[in-house]
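Data block below; observations after.
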Amino acid sequence: MDTGVNVLLVSLGYVENGNAPILTSIIKNNSGAFVDPIPQALVLTAIVIGVAILALGLAVTIKIYEKYGTLDISKIRGLKW
């Protein structure tokens, strides 16, 4: 689902034959054909947040394994929710 939303956001900012809005010589010559950088920035932010959540989950999993020696919930008696 996450990848699908990212593709949708990037496609919303797509302009056929568009250029990056940071090139000043192109801005002066062709003012209407620019891609929208906001969806790309949102997708990049979403990817960074996704990686951070994955790293946090992996760190918690490693700590649980170090403490209890297993990842089987039924075998972990001292784990309290």
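The values are calculated or read from the model by the stated rules, or taken from the named source; none is laboratory data. Because the structure is predicted, anything quoted here is derived from the model rather than measured. Cβ coordinates were reconstructed from backbone atoms using ideal geometry, including for glycine residues, and neighbour counts include every protein chain displayed.
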Number of positions in region 23-81 that are within 25 Å of VAL10 (Cβ to Cβ), among the acidic types (Asp, Glu) and either part of a helix (DSSP H, G or I) or modelled with pLDDT of 90 or more (or both): 0
Every residue from region 4-16 that is among the polar types (S, T, N, Q) and surrounded by 11 or more Cβ atoms within 10 Å (Cβ to Cβ): ASN6
Residue within region 53-69 that is surrounded by fewer than 10 Cβ atoms within 10 Å (Cβ to Cβ), hydroxyl-bearing (Ser, Thr, Tyr) and over 22 Å from VAL5 (Cα atoms) present: no
Close pairs from region 58-69: first among the hydroxyl-bearing types (Ser, Thr, Tyr), partner surrounded by 11 or more Cβ atoms within 10 Å (Cβ to Cβ) and not in a helix (DSSP H, G or I), Cβ under 6 Å, at least 6 apart: TYR65/LEU71; TYR68/ILE76
